[in-house]
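Note sheet for the following structure.
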Ligand code: GUN
């Protein structure tokens, strides 16, 4: 069993991004990201803080908008509109989930597709579908990088994704398909889940349930990627995969923390640089 070290792989990627940001700065292009967070969700606060710290470390200019829980749609859309028009802001990210009274779909739609570094806007989702995209959603893109850096071939492999969210499961399936994997997406209504998952050469868990994937659901020699970030009450951060149970059966497995998580942030930084290059008509974007 080999551990896929997301911390190490993301550090390498971030180093390259840092060099590129520095080069862009020399050419008069400053890269800027705006991050919006609404309310007091503690997990979201941690994620946003990590994104801010990554920007600082890479020389990317960032602005954080921490809005109160009682923010109105009008207020939030007004801010997004203003950021859409700013030349010095290349990427806009609104941390999800939003408080219940806010319309997530309308917020995603309001972000200019050129600045949508999450790749959640329908225009970007559609582009991903047809394989002609500018940005990839950060978490699935991070998983693909982990596979590539570990020299894990996707082509021809049986790939199973557990979870069908718009943020992870659905685009994850699409990216594996683009690499010529044979893809199945499972969800809460899947019958005989264990039977399906135990066929997977590459198994991606994005369910949002702590330690959900057990050894009996995994094929001997499988590659297991854990997208989960669960914080059981009073417990420490853990993934969707019961690591101790599953790891002995795997050829490769990602830990939590230190697997997919750091890659997500690295991909966000990469998307922000891509956005800046596109907006400044720089080739190679
Ligand atoms: N909430 C959980 N993951 C993400 C993400 O990748 N982007 C945003 N904006 N919110 C999230």
(message) For the chain, give me the percentage of DSSP beta bridges that are antiparallel, rounded to the nearest 5 percent.
(response) 5
(message) Please report, in whole Å³, the volume per residue of the convex hull around the C-alpha atoms of the chain.
(response) 127
(message) Give me the three principal axis extents of the stretch 160-285 from the C-alpha atoms, as integers in angstrom, largest value leading.
(response) 51, 38, 28
(request) Mind pulling the angle between the C-alpha long axis of helix 260-279 and the longest principal axis of the chain? Nearest 10 degrees, somewhere in 0 to 90. (result) 40
(request) Give the Rg/Rh ratio for the stretch 1-145, taking Rg as the radius of gyration of the Cα atoms and Rh as the Kirkwood radius, to two decimals. (result) 0.97
(request) Could I have the simple spin-label model distance between residue 49 and residue 2, label points 7 Å from Cα toward Cβ, reported in nm to one decimal? (result) 3.5
(request) Among 275, 205, 43, determine the one that fluctuates most according to a GNM of the chain built with springs between C-alpha atoms less than 10 Å apart. (result) 43
(message) Would the stretch 158-207 count as rounded, prolate or oblate if I go by the C-alpha gyration tensor, calling it rounded below 1.5 in a/c and otherwise prolate when a/b exceeds b/c, oblate otherwise?
(response) oblate
(message) Assuming 0.36 nm per residue, please report the length gained on full extension of the stretch residue 81 to residue 132 beyond their Cα-Cα distance.
(response) 15.7 nm
(message) Given contacts defined as C-alpha pairs under 8 Å and at least six residues apart, what's the relative contact order of the stretch 1-123, whole-number percent?
(response) 26
(request) Please express the shape of the stretch 93-157 as an equivalent ellipsoid: the semi-axes are the square roots of 5 times the eigenvalues of the C-alpha gyration tensor, given largest first in whole angstrom. (result) 27, 14, 10
(message) Quick check on the chain: helices-only [θ] at 222 nm, where DSSP H runs of length 4 and up contribute -39,500 (n - 2.57) each and the sum goes over total residues. Nearest 500, please.
(response) -12500 deg cm²/dmol
(message) Between helix 169-178 and the chain, what is the angle of the helix's C-alpha long axis to the longest principal axis, kept within 0 to 90° and rounded to the nearest 10?
(response) 80
(request) Please find, in a Gaussian network model of the chain (springs between Cα atoms separated by less than 10 Å), the residue of 49, 192, 124 whose mean-square fluctuation is greatest. (result) 192
(request) Based on other C-beta atoms within 10 Å, arrange 73, 172, 144 from fewest to most. (result) 73, 144, 172
(request) Would you mind pulling out the separation of the Cα centroids of the stretch 52-95 and the stretch 173-210, in Å? (result) 34
(request) Report, to the nearest 10°, how far helix 42-58 tilts away from the longest principal axis of the Cα atoms in the chain, using its own Cα long axis and a range of 0 to 90°. (result) 70
(request) Would you mind telling me which residue in 191, 145, 155 has the biggest mean-square fluctuation in a Gaussian network model of the chain, where springs connect alpha carbons within a distance under 10 angstrom? (result) 191
(request) Return 100, 231, 164 ranked ascending by Cβ neighbour count within 10 Å, so the fewest neighbours appear first. (result) 100, 231, 164
(request) Assign one of three labels to the stretch 99-224, namely rounded, prolate or oblate, based on the Cα gyration tensor with a ≥ b ≥ c the square roots of its eigenvalues; rounded applies when a/c is under 1.5, prolate when it is not and a/b is larger than b/c, and oblate otherwise. (result) oblate
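Taken together, the values in this text are just the output of simple stated rules run on the coordinates, not laboratory data. These figures come from a predicted structure and were not determined experimentally. Cβ: placed from backbone, ideal geometry, glycine included. Neighbour counts: every protein chain shown.
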